[in-house]
Structures are given as structure tokens and as C-alpha cells.
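Where a number appears in this text, it was derived from the coordinates with a stated rule and is not lab data. Model, not experiment: these values are computed from the prediction. A quick note on method: Cβ atoms are made from the backbone with ideal geometry, for glycine too, and the neighbour counts reach across all protein chains shown.
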Amino acid sequence: MDCEEDGWVMLSALTHYVYCPRRCALVNLEQEFTENIYTMRGRAVHENVDIESSRQEGYVRVERAMPLWSKRLGLTGKADVVEFRDSVPYPVDYKSGKKGRRTPEAVQLCGQALCLEEMFSVPVPKGALFFHGSRERVEVAFTDDLRRRVETATEAVRKMLSRNEMPPPVNDDRCPNCSLNESCMPSVVANKRSVRQALDALYAPDDDGGAP
Ligand code: SF4
């Protein structure tokens, strides 16, 4: 499946978009991907769950690297782990680092739940983020608000990619930890934009549109 051509949005794009729309565009439109300590840790964690497998652990069937899709949303990707208890799927996403407030990751996890609901025709009320650094599992309830955020972000990503749009940098406290900082150059681009806006304002025509 050619995701870009068919308008499918990757689940991973939701995490990038909710973190910073420009990051999502850099990764998906310009194929920018630079490693930093956070991405290296993330890759190491995912190496353990990236091989498709299925096994029974007591009463729970555990699927790893499970392909997911939602035709309704045009959303696709893979779940690190899906546990099935009494035929109810429970997605678990592996994250490097310690437990913390992770809204972008919670949105992606909820995107996985919406795919699972459509694929198995059952409600998926919750799932979990597993933090490798602190070896903690944090349960996430898929509230109406989170579900709406998935739908809004999916549509926004699709629009941004189809129009080849490159959003301006957020240039805030998200940037120092972003692995794309060097290629994005948030402060340089933001400064250029403010100079351009100042120049535009300076040379804007008078209200009557005429020359001075
Ligand atoms: S450096 Fe900042 S503006 Fe650039 S992609 Fe990363 S978070 Fe976004």
C-alpha cells in the first residue's frame, strides 16, 4: 500500500504531529530523520517488539508487531503489542525513558484502539504505555476527547501532506529535545519569519491601496 498516494496516514505520524506539526512534515515530506539520544533509546526498545509473533500467556493471547488499519479514518500502522483478554484487544505501546506526561503517545495509542475497534468490531476502552526506563505500565483510558483528537490530527496530517505544507517552527521548549533541531533550525527560521512579517507590514499598501 502506498500510504501517501492513497491518502492513508501512518499512526506514527500522529505522534509527530501532536508533538509538533513541523516535525511531522519534516519526517514525512522531507524524509528527515536524525538520531539523538531519545530516538536511539526508542529504537533499542522497539527492536524487541518489532518482530511479528503470536503466543498464549496464560489466559492472554499476545500479538507482537501487529498490523493495524482503519478504513473509516484512513489510518494504518503497527501495534508493538496487543493483548487479547476474552477477545477484547488491549494495545500496549513501548516507550523509552521514564513515565511522564505523554499526550502525543496517548493520541497514537488511541489511534491504535480505533483501528482495533474497526477490525474486530468490539469496543476497546483502554490500553497502556509501557515505559522501558522505569519499567512502568501506565493505563490510558480512551475518552471521547482523546478519540476526537485522533480524528482531528489524522485529518490535519492528511491535509498537510497532500498540500506539501511545511508549518513554521514552534520554537519553544519542545525544540531542545527534538532530534530534528539541526535540520529544522527553529530559531533561525522563526527570526527570518519575524523579519519578513515586519518588512511586509512596512511595505504594505495604505488602506486606499495607493502609493504614498
Ligand atoms: S526543532 Fe522544534 S520546531 Fe523544529 S521540528 Fe523539532 S520541535 Fe518542531
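Annotations
- Amide H contacts under 5 Å for residue 142, placed H, 5+ residues apart: 126, 127
- Equivalent ellipsoid, the range 3-202 (semi-axes from 5 times Cα gyration tensor eigenvalues, Å): 33, 19, 14
- Of the residues 8, 69, the one with the fewest other Cβ atoms within 10 Å heads the list, and the complete ranking is 69, 8.
- Unsatisfied cross-links (Cα-Cα over 20 Å) in the set 126/159; 71/159; 95/126: 126/159
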